[in-house]
Amino acid sequence: MRLISEGCPSLLYLNLSYTDITNGTLRLLSRSFPNLQYLSLAHCRKFTDKGLQYLGSGKGCHKLIYLDLSGCIQISVDGFRNIANGCSRIQDLLINDMPTLRDRCIQALAEKCQQIMSVVFLDSPHLSDTTFRALAECKLVKVSIEGNHRITDLSFKLMSICCPYIRHIHMADCQKITDAGLKMIAPLKYILVLNLADCIRIGDGGIKPFVEGSSGATLRELNLTNCVRVTDVSVTEIAQRCHNLTYLNLRYCENVTDAGIEALGNMSSLISIDISGTSVSDMGLSALGCSGKIKELSISECQNISDTGIQKFCQDTKHLEYCHVSYCPQLTDETAKALAFNCHRLTSVNIAGCPKMTDLCIEYLAAACCFLRFLDVSGCIHLTDKALKYLWKGCKQLQILKMLYCRNITKQAVLKYTAKLEKREHNDADPPPWVGYDRNGNTLTFTKKHKLELE
């Protein structure tokens, strides 16, 4: 660090994450880098609250606007108070992986750092609505919180009152957020991103009034993964109101059917959609392809979709780049043929857990998909060394290849044909029971006792 301080006195950006820096390093920062604006101390565990006091002493790091303290579990309330005293201009604050983070820590910061615009608190389960009350004076435009069961609808109410310009709301796996909270933020005008993944109490009663509200027409990204109460009512409303939506995730929304998905087929803005784990069938999938604009499609674990549905979808969708159809054991080589013959821009394909796929499917992909960079064929039990030879010849840009549970692919072939790949994973073990079929592709049936043992 001394060499850097001597050679780079005008340094603006410094990433010290995962290093063994101590209080002495922080003291050096305050003396040598008065212009520093971006600082990451993520997962640095050897400095203390006293070290953070140096950031505000002497010349100090008073111009700091971005600070990442993720994983620094040793910092107490006093440490956050020291940061606030010396770095009151902070705008972007990242504090992920901090199970020790408490409301009092954020209160100490917010007391003097009132220019904060973006906060990211992933895996901070002890924060509550008190945190948002403390941040009320800040003009937040981005909030990201995940895995928190204490934050309630009150936080959404505070946002609706104190954050009129908020654009990005990520409140994933916050179990106490309900439809009532969504209704409270419906009047906000500038929301572009809304992530409510795993908020299992969210349903039509919240989604419908939200998309009917002020941000519905401008919303760009919506993630409703595992919001099991969401039905076709919400999806149809999304299709009618969200004219600028580009990304939609309905993964494991088990009450979404063809009726809702068909409505999405008329959305010209939509380029990325995930309907994995839903009951959607060929009818819904073929309707979804009508716009011809989809670039990313995930239909993993969709048991009602067959080769026919994918064929019809691909006929209308020439711009597809990302296609994940994993754990659809009913799919065959005809799916790969449809993808290869119609979607030449593919860069990422996942057919893991599709036991009916053979070397022929890889031959199709290798012959036509020259831009392929990622491929997962794990659990494709009938693939042999021939598949690797096809890829070696045709997919020159392939970087990542996953071949777990491929017992007919030899280690010798893996070494010969995949040596230049950035990453490869291979084993010749039998498929684990949770994939739902045995080493010969026969469907496994489980009693209630067996299912409990697997869990």
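Looking at the chain, what % of its DSSP beta bridges pair antiparallel, to the nearest 5?
Rounded to the nearest five, the antiparallel share is 0 percent.
Roughly speaking, what is the centre-to-centre gap between the stretch 368-411 and the stretch 225-275 when only Cα atoms are used, to the nearest Å?
33
Contact order normalised by length for the stretch 186-228, with contacts defined as Cα pairs under 8 Å and 6 or more residues apart; what percent is it?
RCO, the stretch 186-228: 61 percent.
For M267, M283, write out the residues from largest to smallest accessible area, computed with a 1.4 angstrom probe and no ligands counted.
Final ranking, largest accessible area leading: M283, M267.
Please give me the summed charge of the neighbours of R407: other residues whose Cβ is under 11 Å from its Cβ, Lys and Arg +1, Asp and Glu -1.
Charge balance near R407 sits at -1.
In terms of the Cα gyration tensor, with a ≥ b ≥ c the square roots of its eigenvalues, is the stretch 309-433 rounded because a/c is under 1.5, prolate because a/b exceeds b/c, or oblate?
Oblate.
What does the C-alpha gyration tensor say about the overall shape of the stretch 186-288? Classify as rounded when a/c is under 1.5, otherwise prolate if a/b is larger than b/c, or oblate.
Oblate.
Roughly what angle does helix 153-162 make with the longest principal axis of the chain, taking Cα atoms, 0 to 90 degrees, to the nearest 10?
With rounding to tens, the tilt is 60 degrees.
Order H324, H149, H426 by their accessible area, 1.4 angstrom probe, all chains in place, largest first.
The ordering from most to least exposed comes out as H149, H426, H324.
Angle between the Cα long axis of helix 77-86 and the longest principal axis of the chain, 0 to 90 degrees, nearest 10?
Long axis of 77-86 versus the principal axis of the chain: about 70 degrees.
Could you tell me the accessible area of F341 in Å² (1.4 Å probe, neighbours in place), rounded to the nearest ten?
F341 has an accessible surface of roughly 120 Å² with all protein chains in place.
Can you give me the accessible area per residue for the chain, using a 1.4 Å probe, in Å²?
Heavy-atom SASA per residue in the chain reads 44 Å².
Please tell me the relative contact order of the stretch 1-141 in percent, rounded to the nearest whole number, where contacts are Cα pairs under 8 Å and at least six residues apart.
18
Using Cα pairs under 8 angstrom and six or more residues apart, how large is the relative contact order of the stretch 356-455, in percent?
24
With the full set of protein chains in place, find how many percent of the accessible area of the chain is carbon and sulfur; take the probe as 1.4 Å.
Answer for the chain: carbon and sulfur cover 50 percent of the accessible area.
Under 1.5 on a/c is rounded, so check that first for the stretch 249-365, then, if it is not, pick prolate when a/b is larger than b/c and oblate when it is not; a ≥ b ≥ c are the square roots of the alpha carbon gyration tensor eigenvalues.
oblate
Report the trypsin sites (Lys or Arg not before Pro) located in the stretch 342-410 that are in a DSSP loop and have at most 13 other Cβ atoms inside 10 Å of their Cβ, or state none.
Filter output for the stretch 342-410: K396.
The values are calculated or read from the model by the stated rules, or taken from the named source; none is laboratory data. In this text, all values refer to a predicted model and were calculated from it rather than measured experimentally. All Cβ positions, even for glycine, are placed from backbone atoms using ideal geometry, and neighbour counts span all protein chains on display. These accessible areas exclude ligands, DNA and RNA; they are computed on the full protein's heavy atoms, side chains included. Shrake-Rupley method; radii C 1.70, N 1.55, O 1.52, S 1.80 Å.
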